[in-house]
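Right, one structure below, let's go through it.
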Amino acid sequence: MTSEIMDCTIIGGGPAGLYAAFYAGMRDLSARIVEDQAQLGGKLHFYPEKLIWDIGGVVPSTGYDVMNQMIEQGQTFNPEVNVNERIVKIEKLEPHLFECTSATGNKYLSKTVIVATGGGIVYPKRLPIEGIEHFEQTNLHYTIYRLDDFIDKKVAIVGGGNSAIDWANELKDKVKELHLIHRKGQFKAHEAQINELLESDIHIHTHSTVEELMPDSHDESIKAIKLKNEQTGRMETLPIDDLIVNIGFEAHDNFHQNSPLNFELIDNYYIKGTSEAQTSIEGIYAIGDIVDFNGKVRLIAGAYSDAVNAINQIRQHCYPLIQDSIVLSTFHEGLKQRRKG
Ligand SMILES: Cc1cc2nc3c(=O)[nH]c(=O)nc-3n(C[C@H](O)[C@H](O)[C@H](O)COP(=O)(O)OP(=O)(O)OC[C@H]3O[C@@H](n4cnc5c(N)ncnc54)[C@H](O)[C@@H]3O)c2cc1C
């Protein structure tokens, strides 16, 4: 499939990409988002239950709530949204025409491109157990969206880092029974978190690995797990209602690192940019966590300001004959009409 030519293609539907899509609408630019995952929201999917305190004007809100509001705001001006599409290549066909190609072979044409790929494409690591993906639709989780989903349940968490221990501490007073399983003898987390864990009645299984997931005969869920103590060789069966796995993440290759366009990089990963979101390639802009420049702020607030700068530059790039002026949402005609409607 080859698409219609938009003013900008935004690669990545996290906070930076979503805000860029919103701001493109504010500046009357046509935009599309292309996102690798099935859902928009970016890294906020990794911490949906955590409270975010540091976005100006937003009272402490969970990652999940902030993410949903970002997704809604990002679609205010109806950008074209393409999910499950991983961009693998960008080509410059003409000075003002770029083609972004996805892993499925789709081609997205636009006058400019915004790279908003953040930490890249990251997947939670799976336990090395054959067929484990069958349980991902039922009671095997890689993140916690709502702590209350586990009230009065028997839960096992696999992992020994900050997130696993943080979740264990947050869940311990809600669940019926909680097991923390770690293949090593020591936890790698903040001391205060570890102390809280050790003082609780969480069942801690160190030097232990999950050897088998025992399926329920009625549905596609796990009814018990088989644990092996690697020091003693002892096997144990734990009946559970939910299994939460938090053993790190795996990253996919990033197209910008070996692009024939030769992006200038910093530390062989970050795209070298400017505070106006320009990269070493005219017409390609980089925003959010993927970009680096003097004074870059790797926070949601920083992603927003990068997005505004990129869109303002794109407006000038695409429509140089129209005098540039600051746009305030309070005076935006389209938004006023929307309010009336
Ligand atoms: C645990 C944790 C807690 C945090 N807490 C806070 C906080 O309290 N306050 C705060 O301000 N910030 C916080 N942050 C940081 C914040 O989440 C990031 O700064 C922000 O998500 C960056 O947004 P982004 O859009 O640049 O990147 P991301 O959120 O990483 O989004 C990038 C998107 O691009 C997609 N993508 C990547 N490559 C491709 C490709 N080739 N094709 C298509 N799509 C692609 C990815 O799938 C992803 O959806 C936290 C981060 C973490 C990990």
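Read the figures in this text as sums done on the coordinates, not as results from a lab. Being a predicted model, the structure only gives us computed values, none of them experimental. For neighbour counting, all protein chains shown are included, and Cβ atoms are generated from backbone atoms with ideal geometry for every residue, glycine included.
Per Stokes-Einstein, at 20 °C and 1.002 mPa s, what whole-number D in µm² s⁻¹ belongs to segment 122-167, with the Kirkwood radius over Cα pairs as the hydrodynamic radius?
It diffuses with D of about 175 µm²/s by this estimate.
Considering amide H positions built from the backbone, and no H for Pro or chain starts, which residues 5 or more places from V81, or on another chain, come under 5 Å of its amide H?
Here I33 satisfy the definition.
Beyond 29 Å, what share of the Cα-Cα pairs of the chain remains, rounded to the nearest whole percent?
Percent of Cα pairs beyond 29 Å in the chain: 47.
Could you order peptides 217-227, 277-287 by the average number of other Cβ atoms within 10 Å of their residues, highest first?
The densest-packed peptide leads the list: 277-287, 217-227.
Identify which of Y23, Y145, Y319 has the largest mean-square fluctuation in a Gaussian network model of the chain, with springs joining Cα atoms closer than 10 Å.
Of Y23, Y145, Y319, the Gaussian network model singles out Y319 as fluctuating most.
Could you please state, rounded to a whole Å, how far the C-alpha centre of segment 306-328 is from the C-alpha centre of segment 50-102?
Cα centroid of segment 306-328 versus Cα centroid of segment 50-102: 19 Å apart.
Under the rule of -39500 (n - 2.57) per DSSP H run of 4 or more residues, summed and divided by the residues of the chain, what mean residue ellipticity at 222 nm is obtained, to the nearest 500 deg cm²/dmol?
-6500 deg cm²/dmol
Rounded, prolate or oblate: which fits segment 125-248, taking a ≥ b ≥ c as square roots of the Cα gyration tensor eigenvalues, rounded meaning a/c under 1.5, else prolate when a/b beats b/c?
oblate
Which lysines does K43 reach when only Cα atoms under 20 Å apart count, and residues fewer than 8 places away in its own chain are ignored?
The qualifying lysines are K125, K296.
How big is the gap, in Å, between the Cα center of segment 114-171 and the Cα center of segment 194-273?
Segment 114-171 and segment 194-273 have Cα centres spaced 7 Å from each other.
Sum up the charges of everything whose Cβ sits under 12 Å from the Cβ of D292, counting Lys and Arg as +1 and Asp and Glu as -1, but leave D292 out.
Around D292, the surrounding residues sum to -1.
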